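A.B. asks: After the C-alpha cells below, expect a handful of questions from me.
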C-alpha cells in the first residue's frame, strides 16, 4: 500500500507539473505559490510565511520568486512593519495568468483523480487525507508555553 501511494502521488505530481508547464509555462510549485498569494489579504504575504505555507525552504522560495518576478507575476516589497522582512505580492499580470491557467489545472486534477474514483471513494479519500493532515500538523509552540501568548 505504501509503495502504491508513493507511486501514485509521484505520477500525479509529474502529471500536474507537465500540464502546467505546457499550458501555463510554470511548474506546479510556482502555481501553488500564486494560489497562496491570490488567497492572502491584498494578495501579499511575508516571504517567511509563504515558505512555511508552501512547505518549501526559504532558499527555494527566493529562487522561485525571482523567476516569478522575471515573468512579471510577482514582485517583492519591503515589509512596512519589519524592515528586515519582505513581502511577495501577486501582480495583476500574475493574477490574470492564474485565472487563465486554473480551469486547465482543475480539469487535469479532475481527470487524474476524481474521474477515476467512485463518489464513495472520493469521500473516503477526503476523510483519510483530513485524518492524516490533522495528525501531521505541527504543534503550536505557544499552546504549551503560556508565556509566549
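What follows draws every value from the coordinates through simple rules; no lab data is involved. In this text, all values refer to a predicted model and were calculated from it rather than measured experimentally. Quick reminder, even Gly has a Cβ in these numbers, built from the backbone with ideal geometry, and neighbours come from all protein chains shown.
A.B. asks: Suppose R0 equals 22 Å. What FRET efficiency, 1/(1 + (r/R0)^6) with r the Cβ-Cβ distance, do residue 75 and residue 22 give to the nearest 0.05?
C.D. replies: 0.25
A.B. asks: To continue, here is another question. Given the rule -39500 (n - 2.57) for each run of at least 4 DSSP H residues, summed and divided by the residues of the chain, what is its mean residue ellipticity at 222 nm, to the nearest 500 deg cm²/dmol?
C.D. replies: Calculated at 222 nm, the ellipticity per residue is -21500 deg cm²/dmol.
A.B. asks: Between region 7-35 and region 37-59, what's the alpha-carbon centroid distance in Å?
C.D. replies: Measuring centre to centre over Cα atoms gives 18 Å.
A.B. asks: Provide 73, 2 in ascending order of the number of other Cβ atoms located within 10 Å of each residue's Cβ, fewest first.
C.D. replies: Ordered by Cβ neighbours within 10 Å, fewest first: 2, 73.
A.B. asks: If I take R0 = 30 Å and measure r between the Cβ atoms of residue 55 and residue 7 in this structure, what FRET efficiency does the formula 1/(1 + (r/R0)^6) give, to the nearest 0.05?
C.D. replies: The computed FRET efficiency comes out at 0.90.
A.B. asks: At 0.36 nm per residue, minus the direct Cα-Cα distance, what do residue 122 and residue 95 gain on full extension? Give it in nm, one decimal, please.
C.D. replies: Separation in residues times 0.36 nm, less the Cα-Cα distance, equals 6.7 nm.
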